[in-house]
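S.K.: Pasting in a structure now, in structure tokens, and then I'll have a few things to ask.
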Amino acid sequence: MSEYFHSVTLNREACHGCITCVKRCPTEAIRVRGGKAQIIAERCIDCGECIRVCPHHAKLAVTDPLSGIEKFKYKVVLPPPSLFGQYKRQEDLELIRTALIGLGFDEVYEVAAAAELVSDATRRLMEQGALKGPVISSACPAVLRLIRIRFPNLLDNVLPLLPPMEVAARLARAKAVEETGLKPEEIGIAFLTPCPAKVTSVKNPMGTEKSSVDLAISVSDVYPALLASMNKCAERGVGPDHSQSGRTGLSWGNSGGEAAATFTMRYLAADGIENVINVLEQMEDEKLADQDFVELNACPAGCVGGVLNIENPYVAVTRMKHLRDYRPVACNHIQGEKLPTELPWDAPVEPITALRLDPSPMKAMQKMQRIEAIQKRLYGLDCGSCGAPSCRALAEDIVNGYADEDACIYILKKKVETVRDSLLKLKIGDRDKTDEKDGCAR
Ligand code: SF4
Ligand code: SF4
């Protein structure tokens, strides 16, 4: 069993084995066996695509409960930029900030504020020529894990900075320690997550040994309570604006915001996991070598499209655009020459060998030859009826001992027909013998 924590899980009872998720998983991490889906943990990137497409709501995201914050003496909440696009009532950021305090938090630290620092640091590193181009954003944990599994040759291009969520958590804890005099462990940092990938990245961080986030609470779980709190706050009236971020940080909530903040003209921003894979394939083929920066988000439209959000992502994007119009360009800048220690990776991000056929190159080659031979015997329809996403994936499963050729319904059908024909021949032969015995003339 994998020790790696995955937020995305299956409710076996609800699964109908319909293979919808099998066909859409970007890393071919799902099989249907015995009429139920199974997730191959090593391959899963927690992109949430299977949650998005399952018609029976059998795929779920495990997140932390809001009540988990109670055990801490001082409670800080980190709202992501995408949260500000979830509500119709959002005259200003302060209404949501005040409503979060109404839920029992002592302090609000906007992830968008940390995003502005990450943007500053990215620009500096790019200007210094310290990065291998095209630079790939490291902010979406599903994309980063996808690169580790499927595109390890591109790891050197990944921006070696922690994502804004992690930077925000580090800065928020340091601020709370300074202001309250409490020990770091007495302070609870809760991130309101739009997607399962970020929950997984809190439990298994990339670029650092331990996450500074204590809890990852789903936006959809907190949504009703926050709405009620917003209504109460609006009735009472909201105080002066204390919001911490400008247009730059808030733009990170939708696709293109991070890339635009690099101030280069040569960038691209792709969203939706299929588009992301297309871009990474083109990068592998060196077709995008003239780009300076590549922003990739697994969810459609960016973090606003996360499966744990409530609002239609495109409605949320428009709302956030309006909200940004009244904000300064940026409210947070790196002071001094050196990058703050909270920003750079402090642990390596290594390739993951989940797609490797065998640790031994010789055995891997032999397996590859067997896969190709089996694939020739299969029908090439990629119908998914065997429970694997493609004939190639079934051939690989057979070679790895997870399935046999009879899983292919066409091979099985052919075998059944062969048996039927033999039985028929036998029957005819028996009848002829009986006829001969009875002296019947033909
Ligand atoms: S989409 Fe996947 S998880 Fe949902 S019912 Fe079909 S096989 Fe099961
Ligand atoms: S979360 Fe994404 S990678 Fe994991 S099983 Fe679902 S679709 Fe596949």
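The values are calculated or read from the model by the stated rules, or taken from the named source; none is laboratory data. In this text, all values refer to a predicted model and were calculated from it rather than measured experimentally. Quick reminder, even Gly has a Cβ in these numbers, built from the backbone with ideal geometry, and neighbours come from all protein chains shown. For accessibility, only protein heavy atoms count, side chains too; no ligands or nucleic acids. Shrake-Rupley method; radii C 1.70, N 1.55, O 1.52, S 1.80 Å.
S.K.: Mind checking Rg over Rh on the range 8-61, alpha carbons, Kirkwood formula for Rh?
M.R.: Details: Rg = 9.5 Å, Rh = 10.6 Å.
For the range 8-61, the value is 0.89.
S.K.: Would you mind checking the tilt of helix 111-127 against the longest principal axis of the Cα atoms of the chain, expressed as 0 to 90 degrees and rounded to 10?
M.R.: Computed tilt is about 80 degrees.
S.K.: So, one more: For the chain, what is the mean residue ellipticity at 222 nm derived from helices alone (per DSSP H run of n ≥ 4: -39500 (n - 2.57); sum divided by total residues; nearest 500 deg cm²/dmol)?
M.R.: Numbers: 15 runs with 180 residues, N = 442.
Calculated from helices alone, the mean residue ellipticity at 222 nm is -12500 deg cm²/dmol.
S.K.: Against the empirical 2.2 N^0.38 Å scaling, what ratio does the C-alpha Rg of the range 41-174 come to? Could the numbers behind the result be given before it?
M.R.: Working: Rg = 17.9 Å, N = 134, 2.2 N^0.38 = 14.1 Å.
Cα Rg divided by the expected 2.2 N^0.38 Å: 1.27.
S.K.: Hey, can you find the accessible area per residue of the chain for me, probe 1.4 Å, expressed in square angstrom? Show your work: numbers first, answer last.
M.R.: On the way: 21300 Å² over 442 residues.
Normalised by residue count, the accessible surface of the chain is 48 Å².
S.K.: Here's something else I'd like to know. Taking the Cα atoms of the range 114-206, what is the range of coordinates along each of the three principal axes, in descending order and whole Å?
M.R.: Projected onto the principal axes, the Cα atoms of the range 114-206 cover 44, 31, 19 Å.
S.K.: Further, regarding this structure: Compare 429, 85, 104 in a GNM of the chain, Cα atoms joined below 10 Å, and give the one with the largest fluctuation.
M.R.: Answer for the Gaussian network model of the chain: 429.
S.K.: When a/c reaches 1.5 or more, the comparison of a/b and b/c decides; with that in mind, is the range 66-325 rounded, prolate or oblate per its Cα gyration tensor?
M.R.: Details: a/c = 1.87, a/b = 1.54, b/c = 1.21.
Prolate shape, in that a/c is at least 1.5 and a/b is the bigger ratio.
S.K.: Then there's this: How large are Rg and Dmax for the chain when only the alpha carbon atoms are used, in Å?
M.R.: 27.0, 110
S.K.: With θ taken as phi - 60° and the coefficients 6.51, -1.76 and 1.60, list the Karplus ³J(HN,Hα) couplings across the range 323-330 in order, rounded to whole Hz; mark glycine and proline as x.
M.R.: Going residue by residue, I get 4, 5, 3, 9, 10, x, 4, 7 Hz, with x marking Gly and Pro.
S.K.: Which angle from 0 to 90°, rounded to the nearest 10, does the C-alpha axis of helix 93-102 make with the longest principal axis of the chain?
M.R.: 80
S.K.: Another one. The range 284-428: D in µm²/s via Stokes-Einstein (Kirkwood Rh, Cα pairs, 10 °C, 1.306 mPa s)?
M.R.: Details: Rh = 22.0 Å.
Estimated diffusion coefficient is 72 µm²/s.
S.K.: Right, another one. On a C-alpha basis, how far is the centre of the range 304-363 from the centre of the range 379-442 in Å? Whole number, if you could?
M.R.: Centre-to-centre (Cα) distance: 52 Å.
S.K.: Output the relative contact order of the range 167-318, whole-number percent, from Cα pairs under 8 angstrom with separation of 6+ residues. Display every interim value, and only then the final one.
M.R.: Working: 179 pairs, mean separation 33.3, N = 152.
Across the range 167-318, relative contact order equals 22 percent.
S.K.: Further question on the same structure: How high is the relative contact order of the range 102-261, given as a whole-number percent (alpha carbon pairs under 8 Å, six or more residues apart)? Kindly include the intermediate steps, with their values, before the conclusion.
M.R.: Values: 156 pairs, mean separation 48.2, N = 160.
Over the range 102-261, the number comes to 30 percent.
S.K.: Roughly speaking, to the nearest percent, how much of the chain's 1.4 Å accessible area is carbon and sulfur?
M.R.: Details: 11220 of 21300 Å².
Ligands and nucleic acids excluded, carbon and sulfur reach 53 percent.
S.K.: Taking a 23 Å limit on the Cα-Cα distance, which of the listed pairs 59/203; 59/198; 203/232; 73/175; 71/210; 88/203 fall beyond it?
M.R.: Working: 59/203 19 Å; 59/198 17 Å; 203/232 34 Å; 73/175 15 Å; 71/210 20 Å; 88/203 32 Å.
Too far apart for the 23 Å limit: 203/232; 88/203.
S.K.: GluC sites (Glu not before Pro) within the range 300-366: which are DSSP loop residues with at most 10 other Cβ atoms inside 10 Å? Please report the intermediate quantities before stating the final value.
M.R.: Numbers: sites: 311, 337, 342; in loops: 311, 337, 342.
Sites meeting the loop and neighbour criteria: 337.
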